[in-house]
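The values are calculated or read from the model by the stated rules, or taken from the named source; none is laboratory data. Just so you know, these numbers come straight off a predicted model, no measurement behind them. Neighbour counts run over all protein chains shown; Cβ positions are idealised from the backbone, glycine included.
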Amino acid sequence: MVADRPHCLVIGVGKGTGLACVRRFVDGGYKVSMIARHHGRLQSFAKEIEHTAAHAVDIANLDGYRAMLQKIVAEHGLPTKVVYNAALSTFAPYAELDTDLFERNFRVNTTGLLVTAQELAPDMVAAGNGAIVVTGNTGATRGMPRFVGFSPTKASQRILAESLARELGPQGLHIAYVVIDAMIDMPMVRQRLTDKPDDFFAKPADIAGEVFHTAHQPLSARSFLVEIRPHAEPW
């Protein structure tokens, strides 16, 4: 990656929001480190998009994840912007939910964010003008049947982000939580919802644009909770 570009770290890079955020930050002048579990897919993204580097790790392995964050800083420098987009989910009735999966999801969705802050935030505060933007969804604000393996982990993620924002915001580090209240426009989603019009779906590039904007808000006008949804989405 080009050394003189500022460094952005996108955690949780798949073909939807994560990859769109990578593209948006590269277009915005950044070099981008990408984290996800799947090495092959990450490598294909890195070959396709200039100024990116792939780093495969399973966040559920917290020690391995912590070591990867340290490796990325050593190789590419401290990021000035971080997008925490990692998410795992399990959908099942509460009586059938595997507690090991529940705790795995919690580890990735919430504990992984804490580890990210522990590893990066102190130096980001010292460097100044940094931001950590966390992507969430409607599950972070309400519980629904069959969402027992997901919503509690996202709600705790939102509260953790708010706690970090209240502590680190006065020190100059911007922490924001973006609630994506939408079905995201991805092939797997389109295949399940073939009867929906185009404007029913939230476009990954548009979501990424809002994440980029939020990460660059000035000191005098910063958001914590940002909600985005398609214009016709009921709420």
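Does D198 meet the test of being in contact with an Asp or Glu (Cβ under 9 Å, 6 or more places away or on another chain) and surrounded by fewer than 16 Cβ atoms within 10 Å (Cβ to Cβ)? Here the answer is yes, as D198 does meet what is asked.
Just to be sure before I move on: is V211 surrounded by fewer than 19 Cβ atoms within 10 Å (Cβ to Cβ), among the β-branched types (V, I, T), part of a helix (DSSP H, G or I) and modelled with pLDDT of 95 or more in the structure I sent? So V211 does not fit the description; no. Only one of the numbered conditions (1) in contact (Cβ under 8 Å) with a residue 24 or more places away in the chain; (2) over 22 Å from K154 (Cα atoms); (3) touching a strand residue (DSSP E or B) at 6+ places or on another chain (Cβ under 8 Å); (4) not in a helix (DSSP H, G or I) is not met by E50, and that is (3). Would you call L168 at pLDDT 95 or above, buried (at least 22 other Cβ atoms within 10 Å of the Cβ) and either hydroxyl-bearing (S, T, Y) or closer than 25 Å to G209 by Cβ (or both)? No. The residues of the stretch 76-92 that are modelled with pLDDT of 95 or more, assigned to a loop (DSSP other than H, G, I, E, B) and not small (G, A, S), listed by number, are L78, P79, T80, N85.
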